[in-house]
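Before any comments, here is the structure.
The values are calculated or read from the model by the stated rules, or taken from the named source; none is laboratory data. As the structure is a prediction and not an experimental result, all values here were calculated from the model. Because the Cβ atoms are built from the backbone with ideal geometry, glycine has one as well, and the counts that use them run over all protein chains shown. Surface areas here come from the heavy atoms of the whole protein model, side chains and all, with no ligands, DNA or RNA. Shrake-Rupley method; radii C 1.70, N 1.55, O 1.52, S 1.80 Å.
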Amino acid sequence: MRVIHTVAELREALAGARGTTFVPTMGNLHEGHLSLVKQARALGGPVVASIFVNRLQFAPHEDFGTYPRTLQRDCELLAPAGCDIVFAPSEAELYPEPQGYKVVPPPELADILEGHFRPGFFTGVCTVVLKLFNLVQPAVAVFGKKDYQQLMVIRRMVQQLALPVRVEAGDTTRADDGLALSSRNGYLSPEERAEAVQLSRVLRGVRESIVQGAGDHAAVEAQAMQHLADRGWKPDYIAIRRRADLQPATSAGDALVVLAAAKLGSTRLIDNLEI
């Protein structure tokens, strides 16, 4: 496995490559990331993983400065997972000048849910992903379903910009108790970690209510939000939406997903379940 830090080296390493599969990450890797790399490996072709903490998707009050940078450990995990190239550029390498050109996704998809609580987040995500796509030129890119809205935004970008990339989704990897794996889980105290499983339990409860025929989605959402609040959480949203476009359901036949974001202590967690 090669660890590459410059655009010139990356382009040289990938010259003439066909069928490249790409897994973009911000590092501080866990089994969820590694499952995406293994999924990429199974697709054939060279596997490239990027490690870059992207300033453009962090608001000024968020954890850009303290987000864990663990490159050596990440590389030790990536090699046995089947990664061929790790692209770990510096900020100056990826953004050699202020990034004036940005990709602004449509507000009906990007300014709801996560985008409502993190304004500009998906502009930062789309801009860095498009730039990485231009550098790696993958045939396939693998993104996790845990960041469900991000997956939707990237798929729409690829479709509307006619990018020659197939986006594959990887299932959410969970701990034995059901908590979705996340780099930010490391911020939780032992007591908070024990409580954090409630988020996935609440989502399972919402899914069960819908499967059993609950028609008042707003009431189900409100009850779930209140349950978390009663346990000391600060929920941002629990929303039952159509999988197709993350808008509220309009017919009984809509395929649905329930998405949630809530803060436990100082740590903000997200999760979702398809219904």
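Want the number for residue 64 to residue 111: 0.36 nm per residue separation, take away the alpha-carbon distance, what's left?
14.8 nm
Any chance you could give the angle, 0 to 90 degrees and rounded to 10, that helix 121-136 forms with the longest Cα principal axis of the chain?
The answer is roughly 30 degrees.
Can you tell me what the convex hull of the Cα atoms of segment 51-190 projects to on average, as an area in nm²?
10.0
Taking segment 101-181, which trypsin sites (Lys or Arg not before Pro) meet the DSSP loop condition and have no more than 16 other C-beta atoms within 10 Å?
Working: sites: 102, 131, 145, 146, 155, 156, 166, 174; in loops: 102, 145, 146.
Of the trypsin sites (Lys or Arg not before Pro), the ones in loops of segment 101-181 whose Cβ has at most 16 other Cβ atoms within 10 Å are 102.
Taking residue 131 as the anchor, which lysines have their alpha carbon closer than 27 Å to its alpha carbon, excluding any fewer than eight residues away along the same chain?
The reachable lysines, counting only those whose Cα sits under 27 Å from residue 131, are 38, 102, 145, 146.
Can you work out the Karplus-derived ³J(HN,Hα) for every residue in segment 215-230? Use 6.51 cos²θ - 1.76 cosθ + 1.60 with θ = phi - 60°, whole Hz, and x for glycine or proline.
Running phi through 6.51 cos²θ - 1.76 cosθ + 1.60 with θ = phi - 60° gives x, 8, 4, 4, 5, 5, 4, 5, 5, 5, 4, 5, 4, 5, 4, 5 Hz.
Tell me which residues come under 5 Å, amide H to amide H, from residue 167 once H is placed; ignore anything under 5 positions away on its chain.
141
Leaving out ligands and nucleic acids, and using a 1.4 Å probe, what accessible area per residue does the chain come to in Å²?
The answer is 47 Å² per residue.
Report, to the nearest 10°, how far helix 31-42 tilts away from the longest principal axis of the Cα atoms in the chain, using its own Cα long axis and a range of 0 to 90°.
In the chain, helix 31-42 runs at an angle near 50 degrees to the longest axis.
For the pair residue 251 and residue 8, how long in nm is the line joining their label points, each one 7 Å along Cα→Cβ?
5.7
Leaving out ligands, DNA and RNA, what percent of the accessible area of the chain is carbon and sulfur, probe 1.4 Å? Before the final figure, lay out each step's value.
On the way: 6630 of 12970 Å².
Heavy-atom surface of the chain belonging to carbon and sulfur, 1.4 Å probe: 51 percent.
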